[in-house]
Amino acid sequence: MLNLLGDLYIRTSSKAKAVSCYNSVAEHFSELGFAQKAIAVYNKISKLEPNSVEVSAKLAELYKEKGSVREARSHYVTLAEHYQKTGKKVEALTIWKQIALLDQANTDVFSHIAQTHLDLGETDEAIAAYVECSGRLTSQKKHGPALEWIEKALSLRPEDPQALAAFVSAKFAVGRPDEAVEKLTE
């Protein structure tokens with residue numbers, strides 16, 4: 001009935017009342033474990049309030065629960081970018097990390113993670129993000145890009161043991177152990 005009432009409010013141009021009705025319906029479906037129905041209602045709200053951070057957060061969680069990685073990632077990116085723009089770097093970082101956990105094939109997210117750590121003055125964590133990204137790329141047999149990420153880590157701290165170990169592994173993987181030895185000697 002609330003869903004129908006929300007539809008009627010839309011016809012009478014009472015957007016706020018419609019959103020209130022839809023929110024009640026979506027929360028009820030979500031609490032009952034009907035993720036797909038909750039998603040459908042939250043999508044109605046999203047059309048009325050396209051910049052709603054709260055709706056993006058709920059949709060991201062529901063899509064994640066449902067196993068729809070692409071859709072969840074899309075809403076998480078919206079959230080992270082919103083937090084980044086509003087200066088909430090810690091909140092943005094939490095969302096970027098959530099994306100990295102959700103989508104193991106995504107390596108682009110690590111540029112956001114590393115940069116946010118650098119913005120927060122957390123060099124060790126930025127290096128760890130670069131190394132993690134390099135590891136993911138190496139496991140995908142993308143050795144060139146993996147080396148680029150390691151170079152970023154080494155530019156922050158040339159003697160970092162994790163970055164050096166990743167550099168050596170990457171150089172051995174591309175058949176250039178002499179460059180690894182040269183870097184370690186350096």
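The values are calculated or read from the model by the stated rules, or taken from the named source; none is laboratory data. Please read these numbers as outputs of a predicted model, since none were measured by experiment. We place every Cβ from the backbone using ideal geometry, glycine too, and count neighbours over all the protein chains shown. Surface areas here come from the heavy atoms of the whole protein model, side chains and all, with no ligands, DNA or RNA. Shrake-Rupley method; radii C 1.70, N 1.55, O 1.52, S 1.80 Å.
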I'd like to know if segment 5-24 contains one or more residues that are in contact with a Phe, Trp or Tyr (Cβ under 7 Å, 6 or more places away or on another chain) and under 26 Å from residue 120 (Cα atoms).
no
Take the residues in segment 110-158 that are more than 22 Å from residue 80 (Cβ to Cβ) and of a type in the set (Asp, Glu); name whichever of them is farthest from the chain's Cα centre (by Cα).
151
For segment 132-166, which positions are assigned to a helix (DSSP H, G or I), under 23 Å from residue 96 (Cα atoms) and open to solvent by 80 Å² or more (accessible area, probe 1.4 Å)?
132, 139, 148, 151, 152, 155, 162
Could you check residue 13 against (1) surrounded by 15 or more Cβ atoms within 10 Å (Cβ to Cβ); (2) on the phi > 0 side of the Ramachandran plot and say which number it fails?
(1)
Residue identified as touching a His at 6+ places or on another chain (Cβ under 9 Å) and among the hydroxyl-bearing types (Ser, Thr, Tyr) among 76, 63, 83
63
Which ones in segment 16-57 are open to solvent by less than 40 Å² (accessible area, probe 1.4 Å), in contact (Cβ under 8 Å) with a residue 24 or more places away in the chain and within 22 Å of residue 91 (Cβ to Cβ)?
45, 53, 56
For residue 171, state whether it is surrounded by fewer than 17 Cβ atoms within 10 Å (Cβ to Cβ) and either out of contact with any helix residue (DSSP H, G or I) (no Cβ under 8 Å at 6 or more places or on another chain) or of a type outside the set (Ser, Thr, Tyr) (or both).
no
